[in-house]
2 protein chains.
Amino acid sequence: MNFTDNQLRLYLVTDRSFLHGRDLTDVVMQAVKGGVTMVQLREKDICTSDFVDLAQSLKTALYGTSVPLIINDRIDVALAVDADGVHIGQSDMPYSIARQLMGPDKIIGLSVENFDDIEAANLLDVDYIGVSPVFATPTKTDTATPFGLNGLTRAVDMSTHPTVAIGGINGSNAREVIETGTRGIAIVSAIMGANDPTDAAQNLLKTMNQ
Amino acid sequence: MNFTDNQLRLYLVTDRSFLHGRDLTDVVMQAVKGGVTMVQLREKDICTSDFVDLAQSLKTALYGTSVPLIINDRIDVALAVDADGVHIGQSDMPYSIARQLMGPDKIIGLSVENFDDIEAANLLDVDYIGVSPVFATPTKTDTATPFGLNGLTRAVDMSTHPTVAIGGINGSNAREVIETGTRGIAIVSAIMGANDPTDAAQNLLKTMNQ
């Protein structure tokens, strides 16, 4: 799959704790119907075979769309299902090894938690950076000090790579987040936890495009 | 590294909960000095970068010995450090994918928890199976019903692959375990928790060879 910056626009990051009995792939595909442009499968407490099964299910469902499937952290899972890429954090696989294992054509995104991380990322040929967190968020508890809107603006200016903003973004702030110049926003609860994920994605895009 | 069944003889599986402040690689290399023939790095609650660092440290320390380094579950970590192989359980990466990712020359071991698992493993070209658990053990809490010595004897007879027995094995029972015909025994606490891992490994081998 060819990667373009436009695919970062509305980036869905999964979280099964918001499913309340619904099927993960169903919820993701409802969100894709609403305009989600990229999907990251993030799992922390799951055995490898279940992780591979979920990834394969998403891969099959997304086949034929222009929505890339990105796997959080686990390069073995990404390779197992031939996903479009991986997203790595500062405590995950070092970037150079990740690139070597994934090959030159796959998408690799890297989380940055401060301005030093951004300077370091500028020296790497990552495909995008995830600026994390923009706001304080209940969905990740191990995160660094929030960038805030001013910090995000500075991050966008500083980065030589396209940026995705993540952390606490929803309909009430998506407009001001996109106005910082970030290429995209990443959403967890505002889509995964919505009763109607299609509607939620459509409304977010509408807000961003106003 | 060429793999031979003899390398299964005294198989050390790491567990950092027994270190009590000691360095993992130091303890492993003391055990290797005592005659350990194979090392499996097993980590469950650790970030990927720390897992890679530990694996790289062991890989460097074991360089030049005939002791293979096996990574538990995480094929990405094994690939990152070019380990000699992986050990997978029934909930880890499916064997066929693991073989595809690791390539034909790497060692792949598979845990079996019952006789059905052994019959299924007989159809695969795994390099060895780990019969788990032989006895009840405090070091793994998610294990199936113990095989016992009679069950292990039957497992060894049934398997077309060399077997390693694991679970609750120590100096007091190593002799009767090896008498079942199993190619090797896997040890966690009886070496990792020993004040003198060199001594512990030597004594286990002595007991097995009596």
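The values are calculated or read from the model by the stated rules, or taken from the named source; none is laboratory data. Note that the structure is predicted; figures quoted are calculated from it, not measured. Backbone-built Cβ (ideal geometry, glycine too); neighbour counts: all protein chains shown. We work out accessible area using only protein heavy atoms, side chains counted, and drop any ligands, DNA or RNA first. Shrake-Rupley method; radii C 1.70, N 1.55, O 1.52, S 1.80 Å.
For region A:48-70, filtered to residues that are within 14 Å of chain B (Cβ to nearest Cβ) and of a type in the set (S, T, N, Q), the residue that is nearest to A:V32 (Cα to Cα) is A:Q56.
All of (1) at pLDDT 95 or above; (2) surrounded by 18 or more Cβ atoms within 10 Å (Cβ to Cβ) hold for B:N122 with one exception: (2). Counting the residues of region A:1-15 that are surrounded by 14 or more Cβ atoms within 10 Å (Cβ to Cβ) and within 19 Å of A:G34 (Cβ to Cβ) gives 9. You will find that of A:T143, A:T163, A:T180, A:T153, the residue that is modelled with pLDDT under 95 and of a type in the set (V, I, T) is A:T143 and no other. If the condition is being open to solvent by less than 20 Å² (accessible area, probe 1.4 Å) and either in contact (Cβ under 8 Å) with a residue 60 or more places away in the chain or touching a strand residue (DSSP E or B) at 6+ places or on another chain (Cβ under 9 Å) (or both), then region A:50-60 contributes A:F51, A:A55, A:L58. Filtering B:I88, B:I129 for residues that are away from chain A (no Cβ under 14 Å), within 21 Å of A:T48 (Cβ to Cβ) and either in contact (Cβ under 8 Å) with a residue 40 or more places away in the chain or crowded, with 16+ Cβ neighbours inside 10 Å (or both) leaves a single hit, B:I129.
Checked against the criterion of being of a type in the set (D, E, K, R) and within 9 Å of another protein chain (Cβ to nearest Cβ), the candidates B:D105, B:D73 yield just one match: B:D73. No other residue among B:G85, B:G64, B:G103 is of a type in the set (G, A, S) and in contact with a strand residue (DSSP E or B) (Cβ under 6 Å, 6 or more places away or on another chain) apart from B:G85. Among the residues in region B:16-31, are any within 24 Å of B:P162 (Cα to Cα) and either surrounded by fewer than 19 Cβ atoms within 10 Å (Cβ to Cβ) or in contact with a Cys (Cβ under 6 Å, 6 or more places away or on another chain) (or both)? Scanning region B:16-31 turns up no residue that is within 24 Å of B:P162 (Cα to Cα) and either surrounded by fewer than 19 Cβ atoms within 10 Å (Cβ to Cβ) or in contact with a Cys (Cβ under 6 Å, 6 or more places away or on another chain) (or both). Filtered by the rule that a residue be among the aliphatic types (A, V, I, L, M) and within 14 Å of chain A (Cβ to nearest Cβ), region B:15-47 gives a lone residue, B:I46. Being free of Cβ contacts under 8 Å to residues at least 40 places away in the same chain, open to solvent by 50 Å² or more (accessible area, probe 1.4 Å) and among the aliphatic types (A, V, I, L, M) is a description that does not apply to A:A80.
Close Cβ contacts (under 6 Å, 6 or more residues apart or on different chains) running from residues in region B:189-201 that are in a helix (DSSP H, G or I) to residues that are at pLDDT below 95 and open to solvent by 20 Å² or more (accessible area, probe 1.4 Å) comprise B:S189/B:T139.
Answer yes or no as to whether B:A83 is at pLDDT 95 or above, within 14 Å of chain A (Cβ to nearest Cβ) and touching a helix residue (DSSP H, G or I) at 6+ places or on another chain (Cβ under 7 Å). Spelling it out, B:A83 is indeed at pLDDT 95 or above, within 14 Å of chain A (Cβ to nearest Cβ) and touching a helix residue (DSSP H, G or I) at 6+ places or on another chain (Cβ under 7 Å).
Filtering A:M29, A:M102, A:M38, A:M1 for residues that are aliphatic (A, V, I, L, M) and closer than 14 Å to A:V126 by Cβ leaves a single hit, A:M102. For region A:1-32, the set of residues classified as over 25 Å from A:P104 (Cα atoms), of a type in the set (D, E, K, R) and part of a loop (DSSP other than H, G, I, E, B) consists of A:D15, A:R22, A:D23, listed by residue number. Among the conditions (1) of a type outside the set (V, I, T); (2) within 20 Å of A:L101 (Cβ to Cβ); (3) within 14 Å of the chain's Cα centre (by Cα); (4) surrounded by fewer than 19 Cβ atoms within 10 Å (Cβ to Cβ), A:Q40 misses just one, which is (4). So which residues in region A:91-101 are open to solvent by 50 Å² or more (accessible area, probe 1.4 Å) and more than 8 Å from every other protein chain (Cβ to nearest Cβ), if there are any at all? Of everything in region A:91-101, those that are open to solvent by 50 Å² or more (accessible area, probe 1.4 Å) and more than 8 Å from every other protein chain (Cβ to nearest Cβ) turn out to be A:S96, A:Q100. Answer yes or no: is there a residue in region A:162-179 that is part of a loop (DSSP other than H, G, I, E, B), among the aliphatic types (A, V, I, L, M) and farther than 15 Å from A:G35 by Cβ. For region A:162-179, residues part of a loop (DSSP other than H, G, I, E, B), among the aliphatic types (A, V, I, L, M) and farther than 15 Å from A:G35 by Cβ: present.
Kindly indicate whether B:N173 is open to solvent by 40 Å² or more (accessible area, probe 1.4 Å) and not aromatic (F, W, Y). Criteria not met by B:N173. On inspection, A:P104 passes the criterion of being open to solvent by 50 Å² or more (accessible area, probe 1.4 Å), modelled with pLDDT of 95 or more and either within 15 Å of the chain's Cα centre (by Cα) or at negative phi (or both).
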